[in-house]
Structure formats: structure tokens, C-alpha cells
Amino acid sequence: MSTERPHRKSLPHAIPAWVPDGSLWFVTINTRVRGLNSLAKIDVHTAVRAAFAHHENLHRCRLVLLVVMPDHLHCLLHVSREFGLARLVTELKSYLARTHGIVWQRNFFDHRLRDPWQQFEKADYIRMNPVRAGLVAHSWEWPFVYPAEAKARRPTEDGQPYHCL
């Protein structure tokens with residue numbers, strides 16, 4: 001039995017011309033060492049949020065949802081085609097590597113969300129990630145979420161589920 005890992009081909013992250021500018025993207029970025037808590041720390045979460053805020057202030061992206069896990073992060077965001085998704089992720093990773101010593105896996109995963117159903121499905125997937133990982137019993141207990149109200153999965157006072165999108 002071979003112990004070699006399969007070679008993954010690198011996919012382009014350029015936003016195609018036919019994709020509407022500012023489309024919503026689901027993005028996952030992993031640290032190099034899986035299973036080690038490199039990210040789920042108050043100072044790192046604050047730095048991740050500040051890095052996104054910097055790019056938001058420059059109209060490069062708009063962060064909709066962010067969940068920082070111990071060894072990866074998930075987000076939903078709108079990205080300016082002019083700036084580009086690959087450049088945004090590269091700058092975020094570079095900043096966090098430089099300021100917090102985070103060692104990242106090469107590349108990242110992205111998927112454009114084409115309709116509202118996909119948006120709600122991915123938002124729920126992201127919010128429930130800490131529960132599936134066994135880190136908390138309820139998604140609202142996980143502290144490393146932006147915006148803070150997005151982690152509230154408890155029913156509202158009228159008994160209806162809360163949605164952040």
C-alpha cells in the first residue's frame with residue numbers, strides 16, 4: 001500500500017469575467033498543521049477581523065460571516081473583482097503569518113454561492129462547524145464568530161429560528 005498522498009491539481013482563483021462583481025463566496029483557509037490550535041484565540045480572532053475590516057474599508061470585500069476554528073477559518077464574503085479573491089486571501093495570510101506566526105497551507109478553497117438557498121445552507125454549515133468538531137454543544141457558545149449575532153442559533157422570542165443572512 002502506497003503512503004504517498006495524491007497530487008492535487010491547483011485550481012485558479014481568478015474571478016471569471018462572466019461572474020457578477022461582488023458575488024458571494026464561501027472560502028475556507030487551513031493552517032499547515034491540522035489539529036493544532038493556531039487560530040481559535042482571542043488575539044488571533046481579533047487580528048483576522050481587523051484584517052478583513054481593513055480590506056472592507058478599502059472596498060475590496062464585505063465580510064458577511066466568519067467562523068474561526070482552531071486550525072482553519074470559514075467565511076462568506078463579497079469580493080471586488082478588481083482586487084480579486086486570490087489577492088485578498090494572500091494578503092490576509094501574509095499579514096497573519098507576519099504578525100501572529102500563523103503557518104498556512106498553500107492555497108485555499110473557494111466556491112461562489114449562486115442562489116439564496118446555497119447562502120443559507122453554507123451559513124448554517126459554517127455556524128455549526130464548532131458543534132460538529134465537538135468544541136461546543138451549541139453554535140451560540142463558540143466565541144470566534146463575526147458578526148457576533150450570527151452565532152445566535154437559539155430561537156427568537158417569537159419561536160422563529162434566527163438567520164444572519
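Some observations on this one:
- Applying the criterion of being in contact (Cβ under 8 Å) with a residue 12 or more places away in the chain and surrounded by fewer than 19 Cβ atoms within 10 Å (Cβ to Cβ) to the residues of the stretch 130-139, the residue that is farthest from residue 27 (Cα to Cα) is 138.
- Test: residue in the stretch 59-80 that is over 19 Å from residue 144 (Cβ atoms) and in contact (Cβ under 8 Å) with a residue 60 or more places away in the chain: yes
- Residue, modelled with the lowest pLDDT, within the stretch 138-157, restricted to residues that are under 19 Å from residue 41 (Cα atoms) and in a loop (DSSP other than H, G, I, E, B): 147
- Taking the stretch 69-83 as the range and being of a type in the set (A, V, I, L, M, F, W, C), surrounded by 20 or more Cβ atoms within 10 Å (Cβ to Cβ) and in contact with a strand residue (DSSP E or B) (Cβ under 8 Å, 6 or more places away or on another chain) as the test, the residues that pass are 73, 75, 76, 77, 79.
- Taking the conditions (1) in a helix (DSSP H, G or I); (2) in contact with a helix residue (DSSP H, G or I) (Cβ under 9 Å, 6 or more places away or on another chain); (3) within 30 Å of residue 136 (Cα to Cα); (4) not hydroxyl-bearing (Ser, Thr, Tyr) in turn, residue 55 satisfies each one other than (3).
- Looking only at residues in the stretch 84-102 that are at pLDDT 95 or above and outside any helix (DSSP H, G or I), the one that is surrounded by the fewest Cβ atoms within 10 Å (Cβ to Cβ) is 101.
- Selection of the stretch 20-60 for residues being at pLDDT below 95 and either surrounded by 19 or more Cβ atoms within 10 Å (Cβ to Cβ) or touching a strand residue (DSSP E or B) at 6+ places or on another chain (Cβ under 6 Å) (or both) yields 22, 23, 24, 25.
- Within the stretch 95-126, the set of residues being free of Cβ contacts under 8 Å to residues at least 60 places away in the same chain and of a type in the set (Asp, Glu) comprises 115, 121, 124.
- Test result for residue 160, buried (at least 16 other Cβ atoms within 10 Å of the Cβ) and at pLDDT below 95: no
- In the stretch 112-124, residue modelled with the lowest pLDDT [restricted to those that are surrounded by fewer than 14 Cβ atoms within 10 Å (Cβ to Cβ) and assigned to a helix (DSSP H, G or I)]: 116
- The residue pairs whose first member lies in the stretch 22-48 and is over 28 Å from residue 80 (Cβ atoms), whose second member is in a loop (DSSP other than H, G, I, E, B) and among the aromatic types (Phe, Trp, Tyr), and whose beta carbons are closer than 7 Å, counting only pairs six or more residues apart or on different chains, are 40/144.
The values are calculated or read from the model by the stated rules, or taken from the named source; none is laboratory data. Since the model is a prediction, treat every value here as computed from it, not as a measurement. As a convention, Cβ positions derive from the backbone with ideal geometry for all residues, glycine included, and neighbour counts pool all protein chains shown.
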